[in-house]
1. If Val180 satisfies every condition in (1) buried (at least 16 other Cβ atoms within 10 Å of the Cβ); (2) out of contact with any Leu (no Cβ under 9 Å at 6 or more places or on another chain); (3) closer than 30 Å to Leu144 by Cβ but one, which is the exception?
2. Report, by residue number, each residue of the range 84-106 that is closer than 16 Å to Gly58 by Cα, exposed (fewer than 14 other Cβ atoms within 10 Å of the Cβ) and either in contact with a His (Cβ under 9 Å, 6 or more places away or on another chain) or small (Gly, Ala, Ser) (or both).
3. Need pairs with beta-carbon distance below 6 Å; first residue at positive phi and in contact (Cβ under 8 Å) with a residue 60 or more places away in the chain and within the range 118-139, second hydroxyl-bearing (Ser, Thr, Tyr) and buried (at least 21 other Cβ atoms within 10 Å of the Cβ); sequence gap 6+ or separate chains.
4. Identify, please: which residue in the range 22-40 is hydrophobic (A, V, I, L, M, F, W, C), closer than 21 Å to Ile84 by Cβ and crowded, with 22+ Cβ neighbours inside 10 Å and is, among those, modelled with the lowest pLDDT?
5. Please determine, by comparing only the residues of the range 57-72 that are of a type in the set (Gly, Ala, Ser) and more than 14 Å from Ile18 (Cβ to Cβ), which one is surrounded by the most Cβ atoms within 10 Å (Cβ to Cβ).
6. When you scan the range 240-256, how many residues do you find that are under 18 Å from Trp25 (Cα atoms) and assigned to a strand (DSSP E or B)?
7. If you take just the helices (runs of 4 or more DSSP H) that sit entirely in the range 144-239, which of them hold at least 1 residues that are over 18 Å from the mean Cα position of the chain (by Cα) and within 30 Å of Asp115 (Cβ to Cβ)?
Amino acid sequence: MGTSDHTDTPHDYDQAMIDVLQMLWGDGYLSPGGPEAVTEIVGGIDLANCDVLDVGCGAGGPDHVLMALGAATVTGVDVVPHLIEMAATNGAHSPHAGGLEFKIIEPEAPLPFADTSFDVVFTKDAWLHVIDKPDLLGEVHRVLRPGGRLAASDWLKGTEPYSNEMLYFIELEGIPYHQVTLDAYEEMLAATGFADIRAQDTTDWYAQLAIEEYDRLRGDLYDELTIRLGAEARDHFIENWRMLTVVTASGELRPGRFWATKPA
């Protein structure tokens, strides 16, 4: 998610939005749930001695959790240079620094890794910005080792065309949304050759959390928002989150999680 005044790449997150997201969700986190959500997404996968790829790593917070859960290495990739810089800076001070690596990748391009390079591919709420999802899933399948696992969450859409409220929300966000339904992800995973596909709609969880975030922006975070961002940006983000509560309540913005395995 990003503000309406970003002027760089279509995927760019300006510093004001990064600040707000980290105020709400913790340092290094640009999507909800913090370490607990990361642990839930990879729950049931033994990461011990695994090489993990995080596609759309953002500021890198989840990658520290993946290392703490036993991964041998975690490689985070993203298309936004200053997010990779943040992730690398934070990673350098981590007790797991030796196993962390962060790289810039090009949007809508093949992943810069050899076939069968990773045991697990992880992503947290980043692929809504990807236009060609079948191509990305093909790349994920390619870089996974036989028996490798995909553990993912993303921002999804409902089955109806966007309402005016959803279009207004996307305008406030300022970053292109290329959402699909959870059913569409399941179909694409199957068509790519994945097996053991599972999916979970987490809309109810986040719809309540979004209300709590909106209340915090108007409450305990209000003064900090004003000091750090100024009144105009503060009011923008408060309106942004008001609409976030509207579109999650209506089911037009539907967070979900999905898992799959590359057959051995």
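The values are calculated or read from the model by the stated rules, or taken from the named source; none is laboratory data. Keep in mind that this is a model prediction, so the values were computed, not measured. Using ideal geometry, Cβ is built from the backbone for each residue, glycine included, and neighbour counts are taken over all protein chains shown.
1. Exception for Val180: condition (2).
2. Ala92, the sole residue that qualifies.
3. As it stands, the answer is Asp125/Ser31; Asp125/Ser153, since those pairs meet every condition given.
4. It comes out as Leu30.
5. Ala71
6. Taking the range 240-256 as the starting set, the residues that turn out to be under 18 Å from Trp25 (Cα atoms) are 240-242, 244-245, 248, 255-256.
Adding the requirement that they be assigned to a strand (DSSP E or B) leaves 255-256.
Counting residues in the range 240-256 that are under 18 Å from Trp25 (Cα atoms) and assigned to a strand (DSSP E or B) gives 2.
7. Details: elements: 164-173, 182-192, 203-218, 222-229.
Passing ranges, in order: 182-192.
Every residue, every condition in (1) touching a helix residue (DSSP H, G or I) at 6+ places or on another chain (Cβ under 8 Å); (2) touching a residue at least 12 places away in the same chain (Cβ under 8 Å), yes or no:
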position: Gly147; (1), (2): no, yes
position: Ala152; (1), (2): yes, yes
position: Asp204; (1), (2): no, no
position: Ala210; (1), (2): yes, yes
position: Leu221; (1), (2): yes, yes
position: Thr245; (1), (2): yes, yes
position: Thr248; (1), (2): yes, yes
position: Leu253; (1), (2): yes, yes
